[in-house]
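Here the structure comes first, spelled out in structure tokens, and everything after it is commentary.
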Amino acid sequence: MAAVLLCALAIWLWPDPYRVVLADYARQRWQAGLTRSAAKIDDHRWVYAYNDDAPANAPTVVMIHGFTGSKENWYPLAQRLRGRYRLFAPDLPGWGESERKAGGDYGFLAQSARVARFIEQVARKPGSEVVLLGHSMGGGIVALTTARHPHDVDRMGLFDAAGVRFNDNAFGLAVLRGKNPFAVDDAASLQRYIDIVFYDDAAKPVIPWPASRIYIDKRRRDAAFEQSVLDKIGRSDERFLPGIEAAGIRQPSLLLWCAQDVVIDPSALDLYAARLPQAQRVLLQGCGHMSIVERPQQAAEAVNRLITEARPR
């Protein structure tokens, strides 16, 4: 019987070994109480997770992941918000299970326009406020979406967000030199990547073999794409555009950082705060770049305050 099961597993994995990773993502999605769906929006197919089990006219929370991230990064937070709000966590075009087009533009500006379209075509419900949250690169995208499409966003939250010229650190200097500090091509670089984005050892993911090998192979295949996006958001003339345009945002806002973030230095919180005087500010201790994974309960409490305490426009 064991031999039969192993043969069946090998046949299932043969066309696409990444199914092992996707199967674990499905388990995480089930635990968070989310459902997988997809939609064609303009020229890209989006895949997203959602939960609509909320009171009538409850706010709609849309969560945008960061560089090398995916919708799964939001599951710990979504699990804590479920039942109170309508929830949507998409894979941005180019990332995760969503469609990627050769030569496509996946920088801040292009993605911000796509996020606005996702809100309009998928997430928006009449009578429901839209709360747009963004992590890291997703934070820069969210800031631009909010600034350029103000009628699509009622409240905004930035978590360890890119898009401003924060204090120099090893990560930022490597990006300016044209490097990808998140690059993964073997077991050692995978561990280095995890150690960069996580500070709290208890929150660091354990990726057992063969999932680790499959994940490494995918990141190696994605290396050129990752570099092209990083060049766009980290070295082009639009790299600081989110911070510049944030000055025009009038919606109630949340700025949440971890004090031990070595990717987007916490000085970025103050830079955004100077442009968003209405923003609630939260600086968490004992966590790194992945605040939404390392401190999901505190992040959920901050989102609840943004929705229930901050005065609407």
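The values are calculated or read from the model by the stated rules, or taken from the named source; none is laboratory data. Just so it is clear, the structure is predicted and the values come from calculations on it, not from any experiment. Cβ placement follows ideal geometry from the backbone for every residue including glycine, while neighbour counts extend to all protein chains displayed. Areas reflect the complete protein model, heavy atoms only, side chains present, ligands, DNA and RNA absent. Shrake-Rupley method; radii C 1.70, N 1.55, O 1.52, S 1.80 Å.
Rounded to whole Å, give me the distance from the Cα center of the stretch 192-260 to that of the stretch 51-103. Result: 16 Å between the Cα centres.
Of the residues Phe118, Met137, Cys258, the one whose Cα sits farthest towards the positive end of the charge dipole of the chain is Phe118 (charges of +1 on Lys and Arg Cβ, -1 on Asp and Glu Cβ, taken about the Cα centre). Just the protein heavy atoms count here, and of the accessible area of the chain at 1.4 Å, carbon and sulfur take up 54 percent.
Rounded to the nearest 20, the size of the Cβ-charge dipole of the chain about its Cα centre is 480 debye, with Lys and Arg at +1 and Asp and Glu at -1. Under 5 Å from the amide H of Ile41 lie the amide H atoms of Trp46, each residue being 5 or more positions distant or on a separate chain, with H modelled from the backbone and absent for Pro and chain starts. When Lys and Arg each count +1 and Asp and Glu each count -1, what net charge do the other residues less than 14 Å away from Ile292, Cβ to Cβ, add up to? Summing Lys and Arg as +1 and Asp and Glu as -1 gives -3. Taking label positions 7 Å along the Cα-Cβ direction at both Gln28 and Trp209, the computed distance is 2.2 nm, reported to one decimal. Between Ser98, Ser236, Ser253, the residue with the greatest mean-square fluctuation in the GNM of the chain (Cα pairs under 10 Å linked by springs) is Ser236. Alpha-carbon geometry of the stretch 221-313: the Rg and the Dmax are 15.1, 46 Å, given in that order.
For the stretch 39-308, the solvent-accessible area of protein heavy atoms averages 38 Å² per residue (probe radius 1.4 Å; ligands and nucleic acids excluded). Dimensions of the stretch 39-308 along the principal axes, based on C-alpha atoms and rounded to the nearest Å, stand at 49, 38, 38, largest first. The GNM of the chain, with springs linking C-alpha atoms under 10 angstrom apart, assigns the highest mean-square fluctuation among Val153, Val21, Val184 to Val21.
Pairs of Lys residues in the chain are counted when their Cα atoms are under 28 angstrom apart and they lie 8 or more places apart or on different chains; the count is 19.
For the stretch 102-193, chymotrypsin sites (Phe, Trp or Tyr not before Pro) meeting the loop criterion (DSSP other than H, G, I, E, B) and having at most 12 other Cβ atoms within 10 Å: none. In degrees from 0 to 90, rounded to the nearest 10, what is the angle of the helix 19-32 Cα long axis to the longest principal axis of the chain? Helix 19-32 sits at roughly 40 degrees to that axis. Projecting the Cα atoms of Ser70, Leu81, Gly94 onto the charge dipole of the stretch 24-135, computed from C-beta unit charges around the Cα centre, puts Leu81 farthest toward the positive end.
Within the shell of other residues whose beta carbon sits under 11 angstrom from the beta carbon of Ala170, the net charge comes to 0, with Lys and Arg scored +1 and Asp and Glu -1. Using bins of 10 Å that start at zero, the share of Cα-Cα pairs per bin across the stretch 155-289 amounts to 12, 36, 34, 16, 2, in whole %.
Near the amide H of Cys287, within less than 5 Å, lie the amide hydrogens of Ala259, Gln260, all on another chain or at least 5 residues away, with H placed in the peptide plane. Across Gly33, Gly104, Gly66, mean-square fluctuation computed from a Gaussian network of the chain (C-alpha pairs under 10 Å connected) peaks at Gly104. Could you please report the charge total around Asp53, scoring K, R as +1 and D, E as -1 over all other residues with beta-carbon less than 11 angstrom from its beta-carbon? Summing Lys/Arg as +1 and Asp/Glu as -1 gives +2.
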